[in-house]
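For reference, the structure discussed in these notes is given below.
The values are calculated or read from the model by the stated rules, or taken from the named source; none is laboratory data. Computed from a predicted model, the values in this text were never measured in an experiment. Cβ coordinates were reconstructed from backbone atoms using ideal geometry, including for glycine residues, and neighbour counts include every protein chain displayed. For the accessible areas, the whole protein counts, side chains as well, though only heavy atoms, and no ligand, DNA or RNA atoms are used. Shrake-Rupley method; radii C 1.70, N 1.55, O 1.52, S 1.80 Å.
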Amino acid sequence: MDNNLKDMKVLIIGYGSIGKKHYKIIKNNFKNIQIFLLSKRNLFIKGASVFNTLKEVKNLEFDYVIIASEPHEHFFQLKFFEKNFKNLKILVEKPLFNKEKKLQIKNNKIFVGYNLRFHPAIAFLEKFLSKNNPIDIKLITNSFLPKWRKKSNHKNYSSDKRRGGGVIFDLSHEIDLALWLFGNIKIEHVKFNKISKLKINTEDNLQLIGKIRKSNFFLNLSYYSKNELRNIYLDTTNKSLFIDLRNNIIKKDNKIRKILSKSHNIDKTYLDLHKAILFDPNNKKLCSIQDGYKVLQLITQIKKNYRTIIPK
């Protein structure tokens, strides 16, 4: 696949941890492109033109826009580009918005940044599902927020429910994977609250029990565990599959089936995501804006219909 995108202009909005990641991946893997950054901070980034407001970019031309700002800003920013630009490819980092909102899109092509769809272990799982019907599905993700958000807990958006924080939004990769791979989730029981001492005003854990078609479904997410993991457990009537997305290990019937190369790190999934958008926009792995809405709708269902306990 040719990574030469001569004269292509890319705008990255937001220069936090995810914005920096996108900048690094674009800069290091694509040739002959112009990179523009939009940040509230006064930055000097060698090789990039930096702007501070949307007004400054209104009359410029871009081919690809990456919205990597805080979730509560996504709706307004996407609305701005839909109103003022045409024929753009736009990647909106997950989640699509910080709450369920409708925005009619006619002028541009929108994708949502659920990059785990491009993990090679997920490709293996897709093939497995084409020949096997699950009866039991479990997705369990433990994370430790202070490790992956460099700012102190109370300053980053993950700590603030008004800005789109909380484990349900932040770890919505699992919700997207469940909906995309298995189908709609019928919720039977859900619990989410804050039980850790993290300085946040959002939920730090979620346990969800439900059904996907005839399969049992269980989802467990947390912000506070130093036992970090991102695992998928799948059982059929006669087979069992285990996928470790952090360590790239696949077990079938409790025997190691495949150990993926360490080169398949998380950055590779982002690179494959960008390649698909730029060179293969009809790739079935890409998360459309419609898929992004489905994730939001399920999150809304969880949050509206089930009680949470968050200390004031």
Self-check item: Cleavage-rule hits, trypsin sites (Lys or Arg not before Pro), region 78-151, DSSP coil, Cβ neighbours within 10 Å at most 11
Solution: K86, K102, K106, K150
Quiz item: What is the local net charge at L229, summed over the other residues whose Cβ is closer than 15 Å to its Cβ (Lys, Arg +1; Asp, Glu -1)?
Solution: +3
Quiz item: How much length is gained on full extension from T300 to F51, taking 0.36 nm per residue of separation minus their Cα-Cα distance?
Solution: 86.2 nm
Quiz item: Okay, helix-only estimate at 222 nm for the chain: each DSSP H run of n ≥ 4 adds -39500 (n - 2.57), divide by all residues, round to 500 deg cm²/dmol; what do you get?
Solution: -8500 deg cm²/dmol
Self-check item: Net length gained if the chain between Q34 and F76 were fully extended (0.36 nm per residue, minus Cα distance)
Solution: 12.7 nm
Exercise. Mind ranking Y114, Y15, Y233 by accessible surface for me, highest first, 1.4 Å probe?
Key: Y233, Y15, Y114
Quiz prompt | Cα pair distances in the chain, grouped into 20 Å bins until the bin that holds the longest one, percent each | solution = 31, 59, 10
Quiz prompt | Full-extension gain in nm, S225 to A123, via 0.36 nm per residue minus C-alpha separation | solution = 34.0 nm
Exercise. Add +1 for every Lys or Arg and -1 for every Asp or Glu among the other residues with Cβ under 15 Å from the Cβ of K214, and state the total.
Key: 0
Quiz item: Where in region 170-214 are there trypsin sites (Lys or Arg not before Pro) that are in a DSSP coil and have at most 15 other Cβ atoms within 10 angstrom of their Cβ?
Solution: K197, K199, R213, K214
Exercise. Compute the Cα gyration tensor for region 1-61, then decide on rounded, prolate or oblate, letting a ≥ b ≥ c be the square roots of its eigenvalues: rounded whenever a/c is under 1.5, prolate when a/b is larger than b/c in the other cases, and oblate in all that remain.
Key: oblate
Quiz item: Using 7 Å Cα-to-Cβ label points, what is the K24/K255 separation (nm, one decimal)?
Solution: 3.9
Practice problem: Sort largest first and round to whole Å: the equivalent ellipsoid semi-axes of region 82-151, each the square root of five times a Cα gyration tensor eigenvalue. | Solution: 30, 21, 13
Quiz prompt | For the chain, accessible area per residue (1.4 Å probe, heavy atoms of protein chains only), Å² | solution = 52
Quiz item: On the accessible surface of the chain, probed at 1.4 Å, how many percent belong to carbon and sulfur atoms?
Solution: 48
Quiz item: Quick one: of the DSSP bridges fully inside the chain, what percent are antiparallel, nearest 5?
Solution: 55
Quiz item: Using the alpha-carbon atoms, what tilt in degrees (0 to 90, nearest 10) does helix 289-305 show relative to the longest principal axis of the chain?
Solution: 60
Quiz item: What is the chain's relative contact order, in percent, from Cα pairs under 8 angstrom and six or more apart in sequence?
Solution: 18
Quiz item: If you add up the charges near F51, with Lys and Arg at +1 and Asp and Glu at -1, over every other residue whose beta carbon is less than 11 angstrom from its beta carbon, what do you get?
Solution: +2
Self-check item: Distance between region 1-67 and region 71-92 - C-alpha centres, whole angstrom
Solution: 15
